[in-house]
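Below is one structure; the comments refer to it alone.
The values are calculated or read from the model by the stated rules, or taken from the named source; none is laboratory data. This structure is a prediction, so every number in the text was calculated from the model and none was measured. Neighbour counts run over all protein chains shown; Cβ positions are idealised from the backbone, glycine included. Protein only, heavy atoms only, side chains kept; ligands, DNA and RNA dropped before computing areas. Shrake-Rupley method; radii C 1.70, N 1.55, O 1.52, S 1.80 Å.
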Amino acid sequence: MRDYSDEQLVELYKNGNVAVFEVIYARYKNLIRSLARGLFLIGGDNEDLMQEGVLGLLNAVNTFNGASGFSTYAYTCIKNSM
């Protein structure tokens, strides 16, 4: 699955292959980590922000419609979720 594009992986996920989210997450884990590092959450910690980022990524996968590149859409969803 490493040869698949992000868009192809999202299609597989939407067609019922939920295990493919692990591959998508692996591709975006460093982005989520770097965005979390740049933020501060009162009463929370970095792990809380990481979890919010993963939820943002999951939202991006579920709502992606192909109108733009997935990476741009995922970045926006992750950042908004955090």
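Listing for the model above:
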read-out: Whichever residue in region 2-21 is in a loop (DSSP other than H, G, I, E, B) and at negative phi and, among such residues, is most open to solvent (accessible area, probe 1.4 Å); value: 2
read-out: Some residue of region 51-63 being at pLDDT below 95, open to solvent by 60 Å² or more (accessible area, probe 1.4 Å) and of a type in the set (A, V, I, L, M); value: no
read-out: Among residues of region 68-80, those that are open to solvent by less than 90 Å² (accessible area, probe 1.4 Å) and more than 8 Å from the chain's Cα centre (by Cα), counted; value: 7
read-out: Hey, residue 57 within 16 Å of residue 81 (Cα to Cα), among the hydrophobic types (A, V, I, L, M, F, W, C), out of contact with any Asp or Glu (no Cβ under 8 Å at 6 or more places or on another chain) and not in a helix (DSSP H, G or I) or not; value: no
read-out: Criterion violated by residue 82 - all others in (1) modelled with pLDDT of 90 or more; (2) out of contact with any Lys or Arg (no Cβ under 8 Å at 6 or more places or on another chain) satisfied; value: (1)
read-out: Cβ pairs under 7 Å, 6+ apart, first in region 49-77 and in contact (Cβ under 8 Å) with a residue 40 or more places away in the chain, second of a type in the set (Ser, Thr, Tyr); value: 61/13; 64/73; 74/28
